[in-house]
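First, the structure itself, so that you have it in front of you.
The values are calculated or read from the model by the stated rules, or taken from the named source; none is laboratory data. The model shown is predicted, which means the values in this text are computed figures rather than measured ones. Methodologically, a virtual Cβ is constructed for each residue, glycine included, from the backbone with ideal geometry; neighbour enumeration extends over all protein chains shown. Only protein heavy atoms, including side chains, enter the accessible area calculation; ligands, DNA and RNA are left aside. Shrake-Rupley method; radii C 1.70, N 1.55, O 1.52, S 1.80 Å.
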Amino acid sequence: MLKLFRSNFLSTVASPKLNKNLGKVSLIQNNKRSFCISNSNLNFKKFVEERKQKGIEENTNNKNSINKQELTENIDTLLAKVLEKVKIQRDLAWEEYNKRKESDNNKNNEDNDISSLKNTGAAFNTSSKIYQETMNRGESTGKKINYSELFGFEDEDIRENEENISSSLFKENSLEEESSNELYELPKDENERKNKEVNNNFTNENKKKKGNQEYTHPIIRTNNFYKSIGINYRGKLVQDRLPHSYKILCEFPHAEYTQLTPTSEEQKEYVGDTDLDKIPKLSNGLDQVLQTPGVHQLYDPRSKKHHFPPSLRFLHQPNQINFANLTPFIPPSNDKTLHDLVLKHNCTYRGSTSSITAPLVSIYLILSNYRPTHARALDNFKHMSNTFTPSVVKPILFCVRPKESEDGRVTYSIDSFKFIFEPRTNQILMDLGKTMEKLFVMSQKDFQQRFVLAHSDGKIYDDCEIYRYLHHGKFLLRSQLDCYHPDHGVFDIKTRAINPIRVNMERYTYFTKSRLENVKGTLLSYEREFYDLIRSAFIKYSMQARIGNMDGMFISYHNTREIFGFEYVKLEEIDKYVFGNSINAGRAFSLSLDIFTEVLDTFTERFPKSPLRVTFRPLKVEPYFIDIFVEPMEEDEGWSERDATEEEKLMWDNMRYQNNPFEGIIGNAYCYRLSIQAFVNGGISKSHLDLKEGDDIDVMYSLEELGETANDLFLSGEYISTLKKAFYLERTT
């Protein structure tokens, strides 16, 4: 601001050939500067003589020259008026600043600091305008200004105040609407520390340490908000044509194809007692998201209005949450209710949505011949990739754990495999997801009393989760029910971190200031997040919704610090973007589960009553198949949530980049190859699976045993490479 004042002043100071009591104006030719102002007391005649001695001709008798005495008097008068006005403006500005500063000390309100400094800057701008209007009457030249004489402080003081003004203005911009509406304040004992953190953003040292700053949750002063109206940015889905695909058919030498017997409709039913009245319902006005299609912004940065309670906007961090009051996850192997239902309905396998979805997705990729999505139906992504992301096609692991009942029957549970050394970079997302599920279905007061440590009432709450169970052939699957609405039925709550956070999880704190600034666009927009959902998550959402008989997904977008908006996507729309239609989606889910059942039957007959660690590696190599590694576990610790000890971490750090980092961790594994061939309406399906109403489909599958890793170096290398890709030690293409 003061730099602008300097430039305005220098560009508007009067003619060079003038004598003033403040200092004679002299033109001095210099190697570095063409002109400067000298405060030496030289008279005009001496100046002309010196110029003549240097060989510079000066026409002092020019008819167009201005009378020196008259100009001197005019400039004396003008500068006197200007200086007087500048001093008045300066005194008023600093007087106002001091008043605001005293008020700030009493009220601990940092907004007064910003307002005062803005007024100070306005005073300086006003002064520069006075100079501009006054000096436009004279000739302009470049001159060096004596600021200490004009304003009463030295250049160092000027620079210091410039930095203070810039810092305060930056703070105001970073807080945005908060300073205008006074909605948020920081705890009194942290005001000083927060001010230092904001001001330090201008130093290089702070920029390096920016990701490590401690986050302080703002305090909400008001709950005023305006009713939300959804923004439908997608419109009607117009599916693009599937790319031409012609799968090469080949027979493996020892493969024996078997026709799949699909599960009949009589063997598909939802069992168990599910009390809908006990399922939580949306609170805080969030049910408005279900009524209007499109995205609903919690806070609109353009109008600076909240459309939902402002208390929802900023998220509590995991170190502020009382996880003791959150219901812990129960794996299928430890779920007694699920085990009793398995025995009651004469099933063999049991699982949950989290453990069963990954292997079903791998089987679907092979069954559909790697059918692409319809992500290009979005306006701004017509020329972007429409295939699944590497996180979908990468190898996956799960455990098969046997359990013998009192009558001697052996059943098996499908549990997710938790590798003790697997990176926990997404732990923050899992923790925040658990808390947000409760935040959306509870009042702010109840949520703080139960889950926020600073406001905890000290009570221990033990709320039971509500489940729905799907009986499908030999499988009994469990689905947790997050929310219920009378008009929409049951739906799931999904929390989605924005793209800059997801792709930089190891350094996510450096990207917590990223925001969804636009509704449509290829970057930092709700459309971009929907595009990523189609390619990475919708296929899992579709299968999970079918297990729980859900109507759709309630999605919230956040950056781990702030929630930006909400969106409700119905299952029918999810199916269209991933499978083309709901008929194809339903048939694909049922067939994939039937094939998975046949695969497990083969393994449990080959290794009866033995816990197994199974690895699926789908390969996009024609004719498309899955390499499966089955490792019997001699010592199964069961489901474990423990983390690695310091000694174990040190050992892993020394081994992780070796050719075989799993030495001593894995044992002998048996390799199988699963290949699938579909026949649609009596003909071989060589293209992508695209079933319509009335289409008939038959499936042939082959599960061939290739050998053991202990006896085959090639299979051993493939097993190690598969595990590296599963645990992100190698990149999945």
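Do you know which residues across region 602-638 are open to solvent by 20 Å² or more (accessible area, probe 1.4 Å) and acidic (Asp, Glu)?
Scanning region 602-638 gives 605, 622, 634, 635, 636, 637.
In region 708-733, which residue that is in a loop (DSSP other than H, G, I, E, B), open to solvent by 20 Å² or more (accessible area, probe 1.4 Å) and hydrophobic (A, V, I, L, M, F, W, C) is nearest to residue 586 (Cα to Cα)?
Among residues in region 708-733 that are in a loop (DSSP other than H, G, I, E, B), open to solvent by 20 Å² or more (accessible area, probe 1.4 Å) and hydrophobic (A, V, I, L, M, F, W, C), the one nearest to residue 586 (Cα to Cα) is 729.
Mind checking which residues of region 495-504 are surrounded by fewer than 17 Cβ atoms within 10 Å (Cβ to Cβ) and closer than 24 Å to residue 553 by Cα?
So in region 495-504, the residues surrounded by fewer than 17 Cβ atoms within 10 Å (Cβ to Cβ) come out as 503-504.
If the condition is that a residue be surrounded by fewer than 17 Cβ atoms within 10 Å (Cβ to Cβ) and closer than 24 Å to residue 553 by Cα, then 503 is the only one that fits.
Something else: Quick one: how many residues across region 373-385 are open to solvent by less than 10 Å² (accessible area, probe 1.4 Å) and under 24 Å from residue 685 (Cβ atoms)? Quick ask: steps written out before the conclusion?
In the first step, residues of region 373-385 are kept if they are open to solvent by less than 10 Å² (accessible area, probe 1.4 Å); the result is 373-375, 378, 381.
Applying the additional criterion that residues be under 24 Å from residue 685 (Cβ atoms) yields 373-375.
Here the count works out to 3.
Moving on to the next point. Failed condition for residue 620, given (1) of a type in the set (Lys, Arg); (2) touching a helix residue (DSSP H, G or I) at 6+ places or on another chain (Cβ under 6 Å); (3) at pLDDT below 95, with all others met?
(2)
I would also like to ask the following. Can you pull out the residues in region 452-510 that are among the aliphatic types (A, V, I, L, M), outside any loop (DSSP other than H, G, I, E, B) and under 19 Å from residue 283 (Cα atoms)? Give the derivation first.
Filtering region 452-510 for residues among the aliphatic types (A, V, I, L, M) gives 452-454, 460, 466, 470, 476-477, 481, 490, 493, 497-498, 501, 503, 505.
Retained after the next criterion (residues that are outside any loop (DSSP other than H, G, I, E, B)): 452-454, 470, 476-477, 490, 493, 497, 501, 505.
Selection gives 452, 490, 493.
Follow-up question, since we're still on this one. Out of all the residues in region 318-329, which are of a type in the set (A, V, I, L, M) and exposed (fewer than 15 other Cβ atoms within 10 Å of the Cβ)?
Taking region 318-329 and keeping what is of a type in the set (A, V, I, L, M), we get 321, 324, 326.
Residue satisfying the conditions is 324 alone.
Residue under question is residue 527, and the condition is that it be of a type outside the set (Ser, Thr, Tyr) and in contact (Cβ under 8 Å) with a residue 24 or more places away in the chain; does it hold? So that I can check it myself, show each step before the final result.
Values: of a type outside the set (Ser, Thr, Tyr): yes; in contact (Cβ under 8 Å) with a residue 24 or more places away in the chain: yes.
Against the criterion (of a type outside the set (Ser, Thr, Tyr) and in contact (Cβ under 8 Å) with a residue 24 or more places away in the chain), residue 527 qualifies.
Could you tell me whether residue 705 is outside any loop (DSSP other than H, G, I, E, B), among the charged types (D, E, K, R), surrounded by fewer than 16 Cβ atoms within 10 Å (Cβ to Cβ) and out of contact with any His (no Cβ under 6 Å at 6 or more places or on another chain)?
Values: outside any loop (DSSP other than H, G, I, E, B): yes; among the charged types (D, E, K, R): yes; surrounded by fewer than 16 Cβ atoms within 10 Å (Cβ to Cβ): yes; out of contact with any His (no Cβ under 6 Å at 6 or more places or on another chain): yes.
Yes.
Taking the options 295, 289, name whichever one is in contact with a helix residue (DSSP H, G or I) (Cβ under 8 Å, 6 or more places away or on another chain), farther than 30 Å from residue 680 by Cα, modelled with pLDDT of 75 or more and surrounded by 15 or more Cβ atoms within 10 Å (Cβ to Cβ).
On the way: 289 fails: in contact with a helix residue (DSSP H, G or I) (Cβ under 8 Å, 6 or more places away or on another chain).
The conditions single out 295.
Being open to solvent by 10 Å² or more (accessible area, probe 1.4 Å), over 19 Å from residue 366 (Cα atoms), touching a helix residue (DSSP H, G or I) at 6+ places or on another chain (Cβ under 8 Å) and at pLDDT below 95 is the requirement here; does residue 568 meet it? So that I can check it myself, show each step before the final result.
On the way: open to solvent by 10 Å² or more (accessible area, probe 1.4 Å): yes; over 19 Å from residue 366 (Cα atoms): yes; touching a helix residue (DSSP H, G or I) at 6+ places or on another chain (Cβ under 8 Å): yes; at pLDDT below 95: no.
No.
Within region 390-408, which residues are touching a helix residue (DSSP H, G or I) at 6+ places or on another chain (Cβ under 7 Å), assigned to a strand (DSSP E or B) and open to solvent by 10 Å² or more (accessible area, probe 1.4 Å)?
Of everything in region 390-408, those that are touching a helix residue (DSSP H, G or I) at 6+ places or on another chain (Cβ under 7 Å), assigned to a strand (DSSP E or B) and open to solvent by 10 Å² or more (accessible area, probe 1.4 Å) turn out to be 396, 397, 401, 403.
Can you tell me which residue is most open to solvent (accessible area, probe 1.4 Å) among those in region 419-451 that are polar (S, T, N, Q) and in a loop (DSSP other than H, G, I, E, B)?
Restricting attention to region 419-451, the residues satisfying the condition of being polar (S, T, N, Q) are 425-427, 435, 443-444, 448-449.
When the remaining residues are screened for being in a loop (DSSP other than H, G, I, E, B), the result is 425-426, 443.
Details: 425: 51, 426: 69, 443: 49 Å².
Among those residues, the one meeting the criterion is 426.
Is it fair to say residue 696 is farther than 28 Å from residue 369 by Cα and of a type in the set (Asp, Glu)?
Details: farther than 28 Å from residue 369 by Cα: no; of a type in the set (Asp, Glu): yes.
Taking the combined requirement at face value, the residue does not satisfy it.
Do we find that residue 539 is on the phi < 0 side of the Ramachandran plot, open to solvent by less than 10 Å² (accessible area, probe 1.4 Å) and not in a helix (DSSP H, G or I) in this structure?
So residue 539 does not fit the description; no.
For region 571-581, enumerate the residues that are without any contact (Cβ under 8 Å) to a residue 60 or more places away in the chain, of a type outside the set (A, V, I, L, M, F, W, C) and open to solvent by less than 20 Å² (accessible area, probe 1.4 Å). Talk me through it step by step, then tell me what you get.
Looking only at region 571-581, we keep the residues that are without any contact (Cβ under 8 Å) to a residue 60 or more places away in the chain, and these are 571-572, 574-575.
Filter once more, keeping what is of a type outside the set (A, V, I, L, M, F, W, C): 572, 575.
Correct list: 575 only.
Which of the residues spanning region 300-317 are farther than 24 Å from residue 486 by Cβ, touching a residue at least 40 places away in the same chain (Cβ under 8 Å) and open to solvent by 10 Å² or more (accessible area, probe 1.4 Å)?
In the first step, residues of region 300-317 are kept if they are farther than 24 Å from residue 486 by Cβ; the result is 300-306, 310-311, 313-317.
If we keep only those that are touching a residue at least 40 places away in the same chain (Cβ under 8 Å) too, we end up with 301, 304-306, 310-311, 313-317.
Across region 300-317, the qualifying residues are 301, 304, 305, 311, 314, 316, 317.
Okay, moving on. Consider residue 550 against the criteria (1) over 26 Å from residue 693 (Cβ atoms); (2) at pLDDT 95 or above: it satisfies all of them except one. Which criterion is unmet?
Failed condition: (1).
List the number of the failed condition for residue 329; all other conditions in (1) part of a strand (DSSP E or B); (2) within 30 Å of residue 413 (Cα to Cα) hold.
(1)
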